[in-house]
Amino acid sequence: MEHLELFFKAIFIDNMVFATFLGMCSYLAVSKKVSTAVGLGAAVIFVMAITVPLNWLLDTYILKDGALAWLGPEYAVYDLSFLSFIMFIATIATMVQLVEIIVEKFSPSLYNSLGIFLPLIAVNCAILGGSLFMQSREIQTVGLALNYGVSSGIGWFLAILAIAAIREKIRYSNVPAPLRGLGITFIITGLMAIGFMSFGGMLTGGEEETKETETAQVEVVKEAIDIANNEKETHE
Amino acid sequence: MGLLSKKDLKLITDPLADNNPITIQVLGICSALAITAELKASIVMSVAVLFVMGLGNLTISLMRNIIPSKIRIIAQLIVVATLVIIVDLVLKAFAYELSKTLSVFVGLIITNCIIMGRFEAFALANGPLRSFIDGIGNALGYALILIIVGFFRELLGSGSLLGFKVLGDSIEKTGVYAYGYENNGFMLLAPMALITVGIIIWVQRSRNEALIEEN
């Protein structure tokens, strides 16, 4: 149940692209054709499925406050969490390079279809974002971390697939000249994001309080609302 | 500007307008959209990126002859990550509330493609001073868009700027609220950031026809 909830949440409610804007750069740059979009999307799922659990292990057994306790009681006082950025990104960059080598060796056809996208992925913010959200949302087990990696990857895949399909069709429409290309893509993504917001009610069942983990945006918005409410109270 | 030659000056002015990293080069979108619900967060983010970009470009440019090209991406990522850790620790020490608001997006400066993009495109091929200037220029171009988006989102969404209520008070109905104006709470939500940037692109490209993309 826990797994199922996390799975749907990561795909629809906290969708990487529509709720947190991660991986926007490659999302905008590689979405002109459906076939290339599928290639990049598959590569993202693949790399996230590897790096998120790996970074979870790193975080739990090395970086967290007191995580080094397994070495002996005298190590329990160390808190290396300030190193997490550098460790996560190093893991991701190495894994991407490793995956590239392995795929090239064992499946040349897959390599040819993923080919140019693999190096791009090291700097795709969705990948690092996945690991950072995994850390900040305190995911409990390595199984859940794997689940989170795969499902966020699928969410990203769906988003880029959808926008690529729309962009292929929109080529035949009469878009105002200055909006052509990038501008209209932004606006369509905005409209799609509004659509995806309606998934927000899926797990909460209408009860706002039961939302345990929120995206950074929602937090920002909530804070703004809180400030407004506080002001209201002070006025009353 | 006796210090800078005309060519160097162009490195700063170009990214501010016709070669803007966000609206033209399509780099560094993620953070530009995610944290712009308030003007203050936009400004802090801009300063952070300015710091990381300027110093990062400088460092990479100094190291450009000793980095083997095969592992350059890892080397670049380590340089950025180190600078970002400094930014993160400084924010946590001096502006804790704000660093909570920015949450993972400070960390995501590492994978902000604007930084890697400039490393690849400029710092690896140019001298330290020019790279530094290029970094500053591009970070300023990035900051410009961030601040415009943050300005409109905060002004229209909560009727304030940097927390000061410039449009009057929405509860006591002073200022423009006396005439029936209401805040557009929708501006605070994530999708409006995308649409705001879309409109900025629209305005920019209608003013400069050369930037219009082919269909």
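The values are calculated or read from the model by the stated rules, or taken from the named source; none is laboratory data. Please read all numbers here as calculations on a predicted model, not as lab measurements. Because the Cβ atoms are built from the backbone with ideal geometry, glycine has one as well, and the counts that use them run over all protein chains shown. Remember, those area values only see protein heavy atoms, side chains included, never the ligands or the DNA or RNA. Shrake-Rupley method; radii C 1.70, N 1.55, O 1.52, S 1.80 Å.
Of note:
- Candidates are the residues of region A:160-175 that are open to solvent by less than 60 Å² (accessible area, probe 1.4 Å) and of a type outside the set (A, V, I, L, M); the one that is nearest to the other protein chains (Cβ to nearest Cβ) is A:Ser173.
- Of the helices (runs of 4 or more DSSP H) contained entirely in region A:1-113, those carrying at least 1 residues that are within 13 Å of another protein chain (Cβ to nearest Cβ) fall at A:24-29, A:34-58, A:84-106.
- Boolean, B:Ala32 is among the hydrophobic types (A, V, I, L, M, F, W, C), modelled with pLDDT of 75 or more, in contact with a Phe, Trp or Tyr (Cβ under 9 Å, 6 or more places away or on another chain) and open to solvent by less than 10 Å² (accessible area, probe 1.4 Å): no
- Unmet requirement for A:Thr91, which otherwise passes all of (1) more than 17 Å from the chain's Cα centre (by Cα); (2) under 19 Å from B:Ile74 (Cα atoms): (1)
- Scanning region B:123-134 for residues that are more than 18 Å from the chain's Cα centre (by Cα) and open to solvent by 10 Å² or more (accessible area, probe 1.4 Å) turns up B:Leu124, B:Ala125, B:Asn126, B:Gly127, B:Pro128, B:Leu129, B:Arg130.
- Flag if A:Lys32 is crowded, with 19+ Cβ neighbours inside 10 Å, within 27 Å of A:Leu191 (Cβ to Cβ) and of a type in the set (Lys, Arg): no
- Among the conditions (1) more than 10 Å from chain A (Cβ to nearest Cβ); (2) more than 30 Å from B:Phe122 (Cα to Cα); (3) in contact (Cβ under 8 Å) with a residue 40 or more places away in the chain, the only one that B:Asn184 does not satisfy is (3).
- Residue match in region B:40-53 (condition: under 25 Å from B:Pro128 (Cβ atoms), surrounded by fewer than 20 Cβ atoms within 10 Å (Cβ to Cβ) and of a type in the set (D, E, K, R)): no
- Only a single item in (1) open to solvent by less than 10 Å² (accessible area, probe 1.4 Å); (2) at pLDDT 85 or above is not met by B:Ile115, and it is number (2).
- All conditions but one from (1) open to solvent by less than 40 Å² (accessible area, probe 1.4 Å); (2) in contact with a Gly (Cβ under 6 Å, 6 or more places away or on another chain); (3) away from chain B (no Cβ under 14 Å) apply to A:Phe157; the one that does not is (1).
- Every residue from region A:192-206 that is of a type in the set (A, V, I, L, M) and either at pLDDT 70 or above or under 14 Å from B:Leu194 (Cα atoms) (or both): A:Met192, A:Ala193, A:Ile194, A:Met197, A:Met202
- Among residues of region B:164-192, those that are part of a helix (DSSP H, G or I), of a type in the set (Ser, Thr, Tyr) and either at pLDDT below 70 or open to solvent by less than 40 Å² (accessible area, probe 1.4 Å) (or both), counted: 1
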